[in-house]
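Reviewing the structure listed below.
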Amino acid sequence: MATPIRRHVSGRRLHHHSPVFAGLDHHHAPGNRHRHLQGAAVASDPIRSKHYVQVFRNTPFLVQLFFWYFAAPLLLPKPAQEWLYNHVPDYSYWAGVTALGTYTASRLAEQFRAGLLSIPRDQYRAAYSTGLTTFQTYRYVIVPYAFRIIIPPFTTEFLTCFKNSALTMTIGVMEITHTAYYVDSFTWHGLETTTAASLTYLFISGCVVLFMWFVEKRLHIPGMIARGR
Amino acid sequence: MDFEVIARNFPFMLGGLALTIQLALITLAGGLLLGIILAVARLSSRSWLYYPATAYVHFFRGLPLILVIFWIYFLSPVLTGRSLNEFLAAVVSFIVFEAAYFAEIIRAGIQSIPRGQAMAAHSSGLTSFQCMRFVILPQALRNMIPALVTQAVVIFQDTSLAYVIGLREFLRRVNLVDAREARSVELYLFAGLVYFIFCSIGSLCSQRLEHRRERNSL
């Protein structure tokens with residue numbers, strides 16, 4: 001009987017060290033439904049993904065963007081700074097990518113967590129009892145389910161990310177909104193250009209929604225996902 | 001690291017924070033009102049109410065806020081003949097934008113009320129308006145309080161976008177101080193911290209209210 005216990009311990013480690021799984025520990029602690037997902041040595045590891053998520057969710061995206069663009073390079077050592085200023089002409093673009101990526105990751109982590117928690121406990125038990133390791137359990141049993149369950153919120157998050165990209169104009173990235181504003185500055189037709197930009201956003205959102213609807217339809221597990229539409 | 005710079009410019013930045021809070025409160029009130037109207041229209045069986053409200057919600061939920069701000073900014077001279085000042089333009093675009101999100105929250109709240117409530121209200125002789133006003137909405141809004149608080153936190157964060165039309169709210173002032181003092185790391189960490197404190201309080205309230213609601217409903 002020693003093996004399952006060891007597997008449990010390694011399972012806890014897994015939750016602790018990856019940003020996605022670590023958030024699982026104590027959000028649902030009172031419920032006891034997923035006791036096997038709660039970390040053992042909670043206090044020994046004070047900086048966990050929960051804090052990562054909280055920091056990113058409770059500060060405006062614009063502040064994060066300015067931090068990556070204005071402040072982050074100053075934290076680098078001098079030679080790295082000089083290299084950045086001299087050899088990366090589109091630094092604003094990469095700052096935008098970093099900001100959007102970290103911000104979206106924090107939001108997706110929450111969705112993944114919810115998806116993993118929605119998997120019935122019996123799935124874990126059945127997987128463990130067939131002799132799969134923790135990694136195999138997640139890789140072949142849990143994650144394939146969870147990924148399909150989170151497709152609708154994932155679509156929403158993707159669209160949010162897409163809309164948030166408009167904010168990178170504040171640091172000088174030439175995306176759709178900035179282009180509309182820029183064209184206005186020498187044609188004085190701001191209303192037309194912003195309307196065109198709006199239609200572009202709506203068109204792309206529409207395409208994404210249709211595509212994800214198709215993906216969801218193709219991948220849905222009969223009886224597993226309650227489909228609203 | 002030199003946090004002296006924050007102490008030196010503290011009153012200036014605090015003035016911006018007052019404007020941010022003011023902006024958030026006005027948006028909250030206006031957005032909630034417009035959101036309720038939209039939500040009720042979206043649940044209406046009259047097609048001349050349902051389709052425009054639905055189109056409105058989908059339209060604004062598909063756009064980035066920053067674009068809506070520009071749009072209102074460019075649209076207002078066409079409609080009124082002169083341009084709005086920055087504060088008014090920001091308030092109008094925030095209300096117009098956030099109302100679409102409020103409408104969806106409130107619609108879900110109204111739909112969560114059992115049908116029997118509306119039937120009972122109608123059978124006791126209330127008109128449709130009275131039924132909505134005195135029976136459905138009070139219950140729906142109470143159920144929706146945690147979600148509304150979360151949305152209030154989002155609004156508080158979104159007010160930072162008034163930055164783009166030059167309104168001197170908190171983030172703009174931090175930006176101005178940074179332009180003068182060139183201490184980006186300290187200033188943006190400070191800005192993040194201030195927003196974090198306010199929003200964490202909001203998020204915690206929302207969680208508490210959610211737990212209390214769950215307990216009471218059992």
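The values are calculated or read from the model by the stated rules, or taken from the named source; none is laboratory data. Everything numeric in this text was worked out from a predicted model, so none of it was measured. Note that we place each Cβ from the backbone using ideal geometry, even for glycine, and neighbour counts take in every protein chain shown.
Of all the listed residues (B:ARG107, B:ARG133), the sole one being within 14 Å of chain A (Cβ to nearest Cβ), on the phi < 0 side of the Ramachandran plot and among the basic types (Lys, Arg) is B:ARG107.
Here's the yes/no breakdown for (1) hydroxyl-bearing (Ser, Thr, Tyr); (2) within 25 Å of A:LYS163 (Cα to Cα); (3) within 19 Å of the chain's Cα centre (by Cα):
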position	(1), (2), (3)
B:ALA29	no, yes, yes
B:GLY35	no, yes, yes
B:VAL40	no, no, yes
B:ARG46	no, no, no
B:LEU49	no, no, no
B:PHE74	no, yes, no
B:SER83	yes, no, no
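Whenever a residue of the stretch B:191-208 is more than 8 Å from chain A (Cβ to nearest Cβ), its partners that are among the hydroxyl-bearing types (Ser, Thr, Tyr), lying with C-beta atoms within less than 7 angstrom and at least six residues away or across chains, give the pairs B:SER206/B:THR150. Scanning the stretch A:166-180 for residues that are surrounded by fewer than 21 Cβ atoms within 10 Å (Cβ to Cβ) and within 12 Å of A:SER92 (Cα to Cα) yields A:ILE171, A:GLY172, A:MET174, A:GLU175. In the set (1) surrounded by 22 or more Cβ atoms within 10 Å (Cβ to Cβ); (2) in a helix (DSSP H, G or I); (3) within 14 Å of chain A (Cβ to nearest Cβ); (4) not charged (D, E, K, R), the condition left unmet by B:TYR101 is number (1).
Quick grid of which residues meet (1) outside any helix (DSSP H, G or I); (2) farther than 22 Å from B:LEU176 by Cα; (3) within 11 Å of chain B (Cβ to nearest Cβ):
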| position | (1), (2), (3) |
| --- | --- |
| A:TYR52 | no, yes, no |
| A:VAL55 | no, yes, yes |
| A:VAL63 | no, no, yes |
| A:PHE67 | no, no, yes |
| A:PHE70 | no, no, yes |
| A:ASN86 | no, yes, no |
| A:ALA95 | no, no, no |
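Any idea which residue in the stretch A:176-196 is nearest to A:GLY96 (Cα to Cα), counting only those that are in contact with a Ser or Thr (Cβ under 6 Å, 6 or more places away or on another chain) and at the interface with another protein chain (Cβ under 10 Å from one of its Cβ atoms)? Checking each candidate, the answer is A:ILE176. Looking only at residues in the stretch A:115-149 that are in a loop (DSSP other than H, G, I, E, B) and hydroxyl-bearing (Ser, Thr, Tyr), the one that is modelled with the lowest pLDDT is A:SER118.
The stretch B:110-218 holds helices (runs of 4 or more DSSP H) entirely within its bounds, and those carrying 3 or more residues that are charged (D, E, K, R) map to B:170-181, B:184-217.
Here is a yes/no grid of residues against (1) of a type outside the set (D, E, K, R); (2) farther than 14 Å from A:LEU62 by Cβ; (3) touching a His at 6+ places or on another chain (Cβ under 8 Å):
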residue	(1), (2), (3)
B:GLN130	yes, yes, no
B:VAL135	yes, yes, no
B:THR150	yes, yes, no
B:VAL153	yes, yes, no
B:GLN157	yes, no, no
B:ALA162	yes, no, no
B:ILE165	yes, no, no
B:GLU169	no, no, no
B:LEU193	yes, yes, no
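For residues that are touching a residue at least 40 places away in the same chain (Cβ under 8 Å) and either of a type in the set (D, E, K, R) or at the interface with chain A (Cβ under 7 Å from one of its Cβ atoms) (or both), tally how many sit in the stretch B:171-190. Residues that pass the stated criteria total 7.
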